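Accompanying notes for the structure given below.
Bear in mind these aren't lab numbers, they're just calculated from the coordinates by the rules spelled out. These figures come from a predicted structure and were not determined experimentally. In this analysis, Cβ positions are derived from the backbone assuming ideal geometry, glycine residues included, and neighbour counts consider all displayed protein chains.
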Amino acid sequence: MGCAVRSIERALGYYTRVLGFKQVTQPIEVPSQRVKVCFLEASPTEFPGSPAAGLSAHGHAMERARGPVYLELVEGVGSGSPVEGLLEHTGGGPYHLCFEVEDLDAGIKWLRSQGFFRLTRFELAAHGMRRFAFMLTPDRQLMELCERDQPGTATNADKRRR
């Protein structure tokens, strides 16, 4: 889940110390999106006060999560960052869900056939993921798809460096 914050450094203090999340990456700048991100991990069974079972990524109530749950802290970088407008209107907080897919192209194609709209697509090596796409649901809610890095694959940026 993406969570807009004014300052990653400040948010890390309360998400890790108070809420029990574990920081799993250093802050990473994503220039194409004009943001900086940092990933935190929490298992539904470890989160203070949470029930042992929760919602899966497929939305089935009471199905145990298949792996860790990640929170992506998202801070705007520079003027015109899309996160800045969100912070002005809502004060920040959760604003998009992210789903891991095995094949980004197939995921985009299937969602488009279901009435979803693709906003943007980009490549970046971050937190074991390689390719990303932002989509809008038919009701215009933001969601993200991410594809796990496959051993031996290279992004376009990697190819240019060779």
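Computed from backbone phi, the HN-Hα couplings of the stretch 132-143 come to 9, 8, 9, 10, 10, 5, x, 8, 6, 9, 7, 9 Hz, rounded to whole numbers (Karplus: 6.51 cos²θ - 1.76 cosθ + 1.60, θ = phi - 60°; Gly and Pro given as x). Each label was represented as a point 7 Å from its Cα along the Cα-to-Cβ direction; for Phe122 and Ile28 these points are 1.2 nm apart. For the stretch 105-147, the residues whose amide N sits under 15 Å from a probe point set 7 Å from the Cα of His89 along the beta carbon direction are 136-137, 139-143. Residue by residue, the stretch 86-98 carries 3J(HN,Hα) couplings of 5, 5, 5, 7, 10, x, x, x, x, 9, 7, 9, 10 Hz when phi is fed to the Karplus relation 6.51 cos²θ - 1.76 cosθ + 1.60 (θ = phi - 60°); x denotes Gly or Pro.
Applying 1/(1 + (r/R0)^6) with R0 = 41 Å to the Cβ-Cβ distance of Ser7 and Phe99 gives a FRET efficiency near 0.90. Electrostatic tally near Leu73: other residues with Cβ closer than 11 Å to its Cβ, Lys and Arg +1, Asp and Glu -1, net 0.
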